[in-house]
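First up is the structure itself, then whatever we jot down about it.
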Amino acid sequence: MDISYNWLKDYINTDKKPHEIAEILTSLGLEVGSIDEVETIKGGLKGLVIGEVLTCEKHPDADKLSVTTVNIGSGEPLPIVCGAPNVAAGQKVVVATVGTTLYNGDEAFVIKKAKIRGKQSEGMICAEDEIGVGANHDGIMVLPTEVAIGTPASDYFNLENDTILEVDLTPNRIDAASHLGVARDLAASLQLTHPEVKVNWPSVDAFKTDNNSYPVNPT
């Protein structure tokens with residue numbers, strides 16, 4: 001049975017790390033067979049930030065390339081050569097900085113400083129398919145103007161990674177066959193040293209009966 005670390009923390013107030021929780025559950029008879037990291041997008045959009053295109057000019061030696069400068073909120077603006085037909089000054093864009101790894105299936109590509117037709121390029125302005133947030137490759141992503149420069153792309157796209165605990169549940173522990181059941185056992189153990197730990201039971205306030213006029217008569 002797979003248990004989401006993020007979901008588990010919805011039911012129990014603890015700052016224990018996944019491996020610590022795994023040890024506790026195993027000691028309770030809920031043996032954890034494996035711990036796996038799960039990324040919504042491979043690489044977690046590490047190294048990608050929101051930038052603003054300050055200048056955009058045609059490359060003097062390539063008709064389909066543009067030479068841009070991009071402010072990413074730290075240091076000097078980056079010179080970036082871009083091949084997208086829709087790039088323009090004033091746009092808010094997603095920038096892969098030098099050292100960032102981008103993924104295309106099982107293939108990985110590291111962004112490096114380079115000279116493209118004689119012009120320095122220190123990053124990459126990205127299309128949505130290049131970072132795994134969509135399939136469009138007609139041009140770069142153009143974001144709303146109100147997005148703050150320097151915002152990590154993972155924050156802008158509300159990216160959430162998770163850790164999955166695989167619990168080898170035995171037939172006699174059907175009481176733990178849910179996130180809530182596991183949280184209840186975990187809380188019972190943690191309360192031995194931290195009495196303030198509690199299970200956060202889900203609210204049922206939204207569940208309303210439309211008709212309460214059907215009494216149950218004993219027979």
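Using 0.36 nm per residue of separation minus the Cα-Cα distance, give me the extension gain between S203 and H137 in nm, one decimal.
Contour length minus Cα-Cα distance gives 19.4 nm.
To the nearest 20 debye, what charge dipole does region 44-154 have about its Cα centre, counting +1 at the Cβ of each Lys and Arg and -1 at the Cβ of each Asp and Glu? Each step should come with its number before you reach the end.
Working: 9 positive and 13 negative charges, 73 e Å.
Computed charge dipole of region 44-154: roughly 360 debye.
Starting from 0.36 nm per residue, how many nanometres of slack lie between D155 and S74 once their C-alpha separation is accounted for? Mind showing how you got there, number by number?
Working: separation 81, 0.36 × 81 = 29.16 nm, distance 1.70 nm.
Residue separation times 0.36 nm, minus the Cα-Cα distance, leaves 27.5 nm.
Would you tally the net charge around I140, using a Cβ to Cβ cut-off of less than 13 Å, leaving I140 out, and scoring K and R as +1, D and E as -1?
That works out to -4.
Would you please give the FRET efficiency between V98 and M1, computed as 1/(1 + (r/R0)^6) with r the Cβ-Cβ distance and R0 = 41 Å, to the nearest 0.05?
Once the sixth-power term is evaluated, E becomes 0.45.
Rank-order 65-76, 8-19, 42-53 by packing density, defined as the average count of other C-beta atoms within 10 Å over each peptide's residues, highest first.
On the way: 65-76: 17.5, 8-19: 15.7, 42-53: 21.4.
Top of the packing list down: 42-53, 65-76, 8-19.
Excluding residues fewer than 8 places away in the same chain, name every one of the aspartates and glutamates whose C-alpha is closer than 17 Å to that of K42.
Here the aspartates and glutamates satisfying the reach criterion relative to K42 are D106, E107, E128, D129, E130, D155, E160, D162.
Helix 18-27 against the longest principal axis of the chain: what's the angle in degrees, Cα atoms only, rounded to the nearest 10?
20
If you stretched the chain out fully between L192 and S27, how much longer would it get, using 0.36 nm times the residue separation minus the C-alpha to C-alpha distance?
Length gained between L192 and S27: 58.0 nm.
Under 17 Å between C-alpha atoms is the cut-off here; go through region 48-156 and count lysine pairs that meet it, provided they're at least eight residues apart or on different chains.
Values: K58/K115; K58/K119; K64/K115; K64/K119.
Lysine pairs meeting both conditions in region 48-156 amount to 4.
Give me a comma-separated list of calculated 3J(HN,Hα) values for region 95-111, in order, Karplus coefficients 6.51, -1.76, 1.60 applied at θ = phi - 60°, integers in Hz, x for any Gly or Pro.
3J(HN,Hα) across region 95-111, in whole Hz: 10, 8, 7, 4, x, 6, 9, 9, 10, 10, x, 8, 8, 10, 9, 9, 6.
For region 138-213 and region 50-85, write down the distance between their C-alpha centroids in whole Å.
If we compute the Cα centre of each part, the gap is 41 Å.
Going by the alpha-carbon gyration tensor, a ≥ b ≥ c the square roots of its eigenvalues, is region 140-219 rounded (a/c under 1.5) or, if a/c is not under 1.5, prolate (a/b greater than b/c) versus oblate?
Values: a/c = 2.63, a/b = 1.49, b/c = 1.77.
Taking the square roots of the gyration eigenvalues as a ≥ b ≥ c, region 140-219 is oblate.
Mind giving me the nanometre distance, one decimal, between the label points for A148 and N86, set 7 Å out from Cα along Cα→Cβ?
Simple spin-label model gives 2.6 nm for this pair.
So if R0 is 30 Å, what FRET efficiency would D61 and E128 give, r being the distance between their Cβ atoms, rounded to the nearest 0.05?
It comes out at approximately 0.60.
Angle, helix 179-190 long axis vs. longest principal axis of the chain, Cα atoms, 0 to 90°, nearest 10?
Here the helix axis deviates by roughly 70 degrees.
What is the dipole size for the chain, taken about its Cα centre, with +1 at each Lys and Arg Cβ and -1 at each Asp and Glu Cβ, in debye to the nearest 20?
Numbers: 17 positive and 32 negative charges, 129 e Å.
Computed charge dipole of the chain: roughly 620 debye.
FYI, it's all coordinate maths here, none of it is from the lab. Predicted model only: the values in this text are computed from it and were never measured. As a convention, Cβ positions derive from the backbone with ideal geometry for all residues, glycine included, and neighbour counts pool all protein chains shown.
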